[in-house]
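*Asks:* Provided herewith is a single structure, encoded as structure tokens, for subsequent inquiry.
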Amino acid sequence: MQEITHEDYLEFIQKNQSVVIENVEIKFQKSWNIKSYTPPDDYALERTTIWSFEKRGNWATHKGNYRGNWSPYIPRNLILKYTEKGDWVLDQMMGSGTTLVEAKLLERNAIGVDINLDAVMVARDRLNFCNFG
């Protein structure tokens, strides 16, 4: 396992405009024009064991263009239910970083691991936003 630092990410995106994962080109944003850092106003924490989300969710840097990604409502619900600000969240198969983005937005610390270096760089790209709120 190798740690990928922010400097590694910056060097990678200088050389690469995008990556191809499962025949899908994912372009690096490099900087984000974020319209909302939160789900829609009608969002409510799920209270039962049956969860249903009418839409995938596209706030902050969430996009649905990575194979196998999940709705950000899922990690948001789990993080809010089982952690407090400052706690740690581990995503051992982080893919494009949906859980890590939610952890950052909810003021949790997070560690993400993935076997695919290109996926790590996509996640780093989606985490490349600063102040919010």
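*Asks:* Taking the Cα of Asn16, stepping 7 Å toward and past its beta carbon, and measuring to each backbone N in the range 99-121: which are under 15 Å?
*Replies:* Counting backbone N atoms under 15 Å from the label point, the list is 114-121.
*Asks:* Please return the longest stretch of the chain lacking exposed loop sites, where GluC sites (Glu not before Pro) count only if DSSP places them in a loop and at most 15 other Cβ atoms lie within 10 Å. Provide the component values of the computation, followed by the final result.
*Replies:* Working: sites that count: Glu3, Glu22, Glu54, Glu84, Glu107.
That would be 23-53.
*Asks:* Counting alpha carbon pairs within less than 8 Å and at least 6 residues apart, what relative contact order, in whole percent, applies to the chain?
*Replies:* The normalised contact order for the chain reaches 25 percent.
*Asks:* Taking a spot 7 Å from the Cα of Cys130 along the direction of its beta carbon, which residues of the range 28-49 have an amide N less than 20 Å from it?
*Replies:* Under 20 Å, as judged by backbone N against the label point of Cys130, lie 29-38 of the range 28-49.
*Asks:* Which aspartates and glutamates, on any chain, are close to Lys63 with Cα under 14 Å apart, when same-chain ones fewer than 8 places away are left out?
*Replies:* Straight-distance partners of Lys63: Glu25, Glu102, Asp125.
*Asks:* Rounded to the nearest 0.05, what FRET efficiency do Lys85 and Lys55 give with R0 = 22 Å and r taken as the Cβ-Cβ distance? Could you check? Numbers along the way, then the final one.
*Replies:* Values: r = 27 Å, r/R0 = 1.21.
Calculated value: 0.25.
*Asks:* Determine ³J(HN,Hα), in whole Hz, for all residues of the range 118-128 in sequence, where each value follows from phi through the Karplus function 6.51 cos²θ - 1.76 cosθ + 1.60 and θ = phi - 60°; x replaces Gly and Pro.
*Replies:* 4, 5, 4, 5, 5, 4, 4, 4, 6, 8, 7
*Asks:* Something else: PRE reach from Ser36 (point 7 Å along Cα→Cβ): which of the range 89-133 fall under 15 Å by backbone N?
*Replies:* Flagged as within label range: 133.
*Asks:* At 0.36 nm per residue, and after removing the present C-alpha to C-alpha distance, how many nm does the segment from Gln92 to Gln29 gain when stretched out fully?
*Replies:* Using 0.36 nm per residue and subtracting the Cα-Cα distance, I get 20.3 nm.
*Asks:* Next question, about the same structure. Restricting the calculation to Cα positions, tell me the Rg (one decimal) and the Dmax (whole number) of the range 1-71 in Å.
*Replies:* Just the Cα atoms of the range 1-71 yield Rg and Dmax of 16.0, 46 Å.
*Asks:* Quick one: which of Lys55/Lys104; Lys27/Lys85; Lys30/Lys81; Lys15/Lys55; Lys35/Lys104 span more than 28 angstrom between C-alpha atoms?
*Replies:* Cα-Cα > 28 Å for Lys27/Lys85; Lys30/Lys81; Lys15/Lys55; rest within.
*Asks:* Using a ≥ b ≥ c from the Cα gyration tensor of the range 57-118 (square roots of the eigenvalues), is it rounded, prolate or oblate, where a/c under 1.5 gives rounded and otherwise the larger of a/b and b/c decides, a/b for prolate?
*Replies:* The shape class here is oblate.
*Asks:* Another one. Please report the base-10 log of the normalised intensity I(q)/I(0) for the chain, using a Debye sum with one equal scatterer per alpha carbon and no solvent, at each q in 0.09, 0.16, 0.18 (1/Å).
*Replies:* The computed values of log10 I(q)/I(0) come out as -0.26, -0.82, -1.04.
*Asks:* Could you work out the relative contact order of the range 13-64, using alpha carbon pairs under 8 angstrom and six or more residues apart, expressed as a whole percent?
*Replies:* Values: 30 pairs, mean separation 16.2, N = 52.
This gives 31 percent for the range 13-64.
Each value in this text was obtained by applying a stated rule to the coordinates, not by laboratory testing. Small disclaimer: the values here were computed from a predicted structure and weren't measured. Backbone-built Cβ (ideal geometry, glycine too); neighbour counts: all protein chains shown.
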